[in-house]
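Comments concern the structure below.
The values are calculated or read from the model by the stated rules, or taken from the named source; none is laboratory data. What you see is a predicted model, and the numbers here were worked out from it, not measured in a lab. Backbone-built Cβ (ideal geometry, glycine too); neighbour counts: all protein chains shown. The accessibility values were calculated without ligands, DNA or RNA, using every heavy atom of the protein model including side chains. Shrake-Rupley method; radii C 1.70, N 1.55, O 1.52, S 1.80 Å.
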Amino acid sequence: MTPFTKYLKLSTIAAAGLTLCVHGAEVPQRIDIKQLSKTVEDVVVPLPNEIFGALNKLGTVNWKEHVRNDKGTNFTERPRIALLLGTVIADGFIAVQAEDAPTVKEIGQRVLALAKGIGVGNSITPHAKAIIEAADKRNWDSVRQELDRTQNSVQQAMNEVHDEKLSQLVSLGGWLRGTEVLTSVVSKHFSADGAELLHQPDLLSYFQTRLQAMPEFNLPILREIGDALVQVKPLIDVGNARIPPKSVKKINDITTRLGSGIVTRD
Amino acid sequence: MNASAKILLRGSSLLVLIVALQSTVAASVDDAQSFALQAAEPYVKEGFQVREDYWGGDLGSGEKKAVRQQLFKGNEYWFWLGTEVERAKISVHIYDSDGKLAEEPDGWEKGHFAAAHVIPKTTGSYFVIVNVEESPEERTHWALVYGFR
């Protein structure tokens, strides 16, 4: 995204946000959230490792069992490449959690190939190189930072050529893969705190809204994801109640099925 | 000058004006972002990973904006707000989904920088309220970045 395009996008978010009156320097202890817009016009979608970091603090996770080496299908449809790119970047974060340098390096190459396939390879080349170099040095913080930069650069490049919808599919792919792994980990070692990490109803609504605005991408996988989000919504939008093990398992079944659909041809 | 040349000249002038305007506006938001990142810098040494993505826009003096952000219990977050308008006074505060102030007491405001610290008690949506309290400019560009560990 060019800075100006980004500015316009951000201004739109700002315009959709709330203009409040200044009440002085004292910080109000409470605000009336009903006055705030209920619409999530745009969000900074959390990185998978933001969730993985919280998950790690709940206990030891065997990240190696979640590392995926499958290179996936070579798609020609740009929306499919975008979805896959998001999941591959998420796989990069998983490989970093597992401190699996060879897989991280493969993912660096894969990300570059997919970015080229979607026409934004140039902006990714330096990041792919940095990921590989940092993985060689086992500098995991740098790899995490470069994966974030990679996703940001891909999305900026897409937005620059007015491919915002593809950019949103990158985020969606990453979110689905992150949710698949989160639910897999929590299903195996259930904890209420782990399940609570799924409490992301506004984010899910955001993705639903975005998908509904992509009728031109007439692909079975996108329809399948749209239907799946409808199924997942009531399972995570539970207010102050706890998300039970049964729901976590069901979300894992759904996201695993979608994950498989994203990497394989229809 | 013939009519075609005049149209071409006017078109070119308009294009130059649009490009110049875009550069000016974009530079301001980019500058605001670089100040927000400057505020974040010391925290990187403390293990915070600062996200590449950010929010931004412009506000009049005394205006606030709210943005919504998904936070995860178990993580610790800092939000850093910056503007390029050095004489502006800005602030950032964080509320939970019930509208209750959710931040730690060590947030700070230093002229055209401000920061808020939150250790979420629950996973869910939070509201980040950005405020341009005072500014000599009619519109003040702002940018908000965040980091977590």
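Residues of the stretch B:115-146 that are more than 10 Å from every other protein chain (Cβ to nearest Cβ) and among the small types (Gly, Ala, Ser): B:ALA115, B:SER135. A residue that is at the interface with chain A (Cβ under 10 Å from one of its Cβ atoms), in contact (Cβ under 8 Å) with a residue 60 or more places away in the chain and aromatic (Phe, Trp, Tyr) can be found somewhere in the stretch B:53-68. If you go through the stretch A:128-160 and keep only what is under 19 Å from A:THR87 (Cα atoms), more than 16 Å from the chain's Cα centre (by Cα) and open to solvent by 30 Å² or more (accessible area, probe 1.4 Å), you end up with just A:ILE132.
So, in the stretch B:64-115, exactly how many residues are assigned to a strand (DSSP E or B) and either in contact with a strand residue (DSSP E or B) (Cβ under 9 Å, 6 or more places away or on another chain) or within 25 Å of A:LEU204 (Cα to Cα) (or both)?
Going residue by residue through the stretch B:64-115, those that are assigned to a strand (DSSP E or B) are B:64-71, B:73, B:75, B:77-82, B:89-95, B:100-101, B:108-110, B:113-115.
Next, from what is left, pick out any that are either in contact with a strand residue (DSSP E or B) (Cβ under 9 Å, 6 or more places away or on another chain) or within 25 Å of A:LEU204 (Cα to Cα) (or both): B:64-71, B:73, B:75, B:77-82, B:89-95, B:100-101, B:108-109, B:113-115.
Summing the residues that are assigned to a strand (DSSP E or B) and either in contact with a strand residue (DSSP E or B) (Cβ under 9 Å, 6 or more places away or on another chain) or within 25 Å of A:LEU204 (Cα to Cα) (or both) in the stretch B:64-115 gives 30.
Among residues of the stretch B:71-86 that are under 28 Å from A:GLY59 (Cβ atoms) and away from chain A (no Cβ under 13 Å), those with a Cβ under 7 angstrom from a residue that is in a strand (DSSP E or B) and of a type outside the set (Val, Ile, Thr), sequence gap 6+ or separate chain, pair up as B:TRP78/B:ALA115; B:TRP78/B:HIS117; B:TRP78/B:TYR146; B:TRP78/B:GLY147.
Matching residues to (1) out of contact with any Phe, Trp or Tyr (no Cβ under 7 Å at 6 or more places or on another chain); (2) surrounded by 21 or more Cβ atoms within 10 Å (Cβ to Cβ); (3) under 23 Å from A:GLN29 (Cα atoms); (4) of a type outside the set (Ser, Thr, Tyr):
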{"residue": "B:ASP30", "(1), (2), (3), (4)": "yes, no, no, yes"}
{"residue": "B:TYR43", "(1), (2), (3), (4)": "no, no, no, no"}
{"residue": "B:GLN49", "(1), (2), (3), (4)": "no, no, no, yes"}
{"residue": "B:TYR77", "(1), (2), (3), (4)": "no, yes, yes, no"}
{"residue": "B:VAL85", "(1), (2), (3), (4)": "yes, yes, no, yes"}
{"residue": "B:GLY107", "(1), (2), (3), (4)": "yes, no, yes, yes"}
{"residue": "B:GLY111", "(1), (2), (3), (4)": "yes, no, yes, yes"}
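Would you confirm whether or not the stretch A:221-236 contains a residue that is within 11 Å of chain B (Cβ to nearest Cβ) and over 15 Å from the mean Cα position of the chain (by Cα)? Yes, some residue in the stretch A:221-236 is within 11 Å of chain B (Cβ to nearest Cβ) and over 15 Å from the mean Cα position of the chain (by Cα).
The residue pairs whose first member lies in the stretch A:180-205 and is within 10 Å of another protein chain (Cβ to nearest Cβ), whose second member is hydroxyl-bearing (Ser, Thr, Tyr), and whose beta carbons are closer than 6 Å, counting only pairs six or more residues apart or on different chains, are A:GLU196/B:THR123; A:LEU197/B:THR123; A:HIS199/B:THR123; A:ASP202/B:SER125. In the set (1) part of a helix (DSSP H, G or I); (2) open to solvent by 10 Å² or more (accessible area, probe 1.4 Å), the condition left unmet by A:ARG242 is number (1).
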